[in-house]
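The values are calculated or read from the model by the stated rules, or taken from the named source; none is laboratory data. Keep in mind the model is a prediction, meaning the values are calculated, not measured. Cβ: placed from backbone, ideal geometry, glycine included. Neighbour counts: every protein chain shown.
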Amino acid sequence: MTTDPELLNEYRTRVVPALREKHGYVNVNQIPRLSKVVVNTSVGSANDVKDALEVAKAEIALITGQRPVETIAKKSIANFKLRGQQAIGAKVTLRGRAMYEFLERLIKMSLPRIRDFRGVSPKAFDGQGNYTLGVSDQTIFPEVELDKVKRNIGFDVTIVTTARTDAEAKTLLSELGMPFSDKKKPEIKKNEPEVTAES
């Protein structure tokens, strides 16, 4: 029997009661939950779009465990040598167990590996309770072997929630462990001496 992802169990046992207490939800259906996660990349600006797209598809499949679908250019852009209906990117839509497993790896393992990481922006919500996070390099994921990387692939991770407002969505993601950069730091208690540079 397969066990549920740790993050899903955490949502059920700890996050749901915390959200209910904070926002005063009466009905269980009001409590925000994750709906889907979309991982999307575009290689339209690459010199060799075809080769870049194959690499991008392979890397996204490795990171998400799911085969991506190609995204198509809607119109021609001469400056980028793009033709309308040309495949220029790839995306994967994760739901259920796969979604929770991916987010758990992203939050607990991948983001902390970013050099000088100070948290993710709290301003990347879309006004409808969804959040998009930009990742500039796929090598933050432990599945990616550095010596096999042919080129760096940047992509967006869009977390779609059932929250009605950005504030509710932010509470949901914060409770799930998303390290927002505006998270309050623990205050120094008055009876504790502050550490100074002088010895």
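Tabulated values for the structure
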{"item": "From 39, 55, residue being surrounded by 15 or more Cβ atoms within 10 Å (Cβ to Cβ), at pLDDT 90 or above, aliphatic (A, V, I, L, M) and out of contact with any His (no Cβ under 7 Å at 6 or more places or on another chain)", "result": "39"}
{"item": "Single match in 51, 4 (criterion: part of a loop (DSSP other than H, G, I, E, B) and at negative phi)", "result": "4"}
{"item": "First in segment 148-167 and within 24 Å of residue 53 (Cβ to Cβ), second anywhere and modelled with pLDDT of 95 or more and part of a loop (DSSP other than H, G, I, E, B), Cβ under 8 Å, 6 or more apart", "result": "158/130"}
{"item": "Residue in segment 5-17 that is nearest to residue 168 (Cα to Cα), counting only those that are of a type outside the set (Ser, Thr, Tyr) and surrounded by fewer than 14 Cβ atoms within 10 Å (Cβ to Cβ)", "result": "17"}
{"item": "Whichever residue in segment 108-143 is of a type in the set (A, V, I, L, M) and more than 21 Å from residue 5 (Cα to Cα) and, among such residues, is farthest from the chain's Cα centre (by Cα)", "result": "114"}
{"item": "Cβ pairs under 7 Å, 6+ apart, first in segment 127-142 and more than 15 Å from residue 102 (Cα to Cα) and touching a residue at least 60 places away in the same chain (Cβ under 8 Å), second basic (Lys, Arg) and in a loop (DSSP other than H, G, I, E, B)", "result": "129/164"}
{"item": "Scope segment 13-35; condition assigned to a helix (DSSP H, G or I) and either under 20 Å from residue 101 (Cβ atoms) or among the hydroxyl-bearing types (Ser, Thr, Tyr) (or both); matching residues", "result": "13, 14, 15, 16"}
{"item": "Test: residue in segment 65-76 that is among the hydrophobic types (A, V, I, L, M, F, W, C), crowded, with 17+ Cβ neighbours inside 10 Å and modelled with pLDDT of 90 or more", "result": "no"}
{"item": "Residues that are at pLDDT 95 or above and either hydroxyl-bearing (Ser, Thr, Tyr) or in contact with a Gly (Cβ under 8 Å, 6 or more places away or on another chain) (or both), drawn from segment 15-36", "result": "32, 35"}
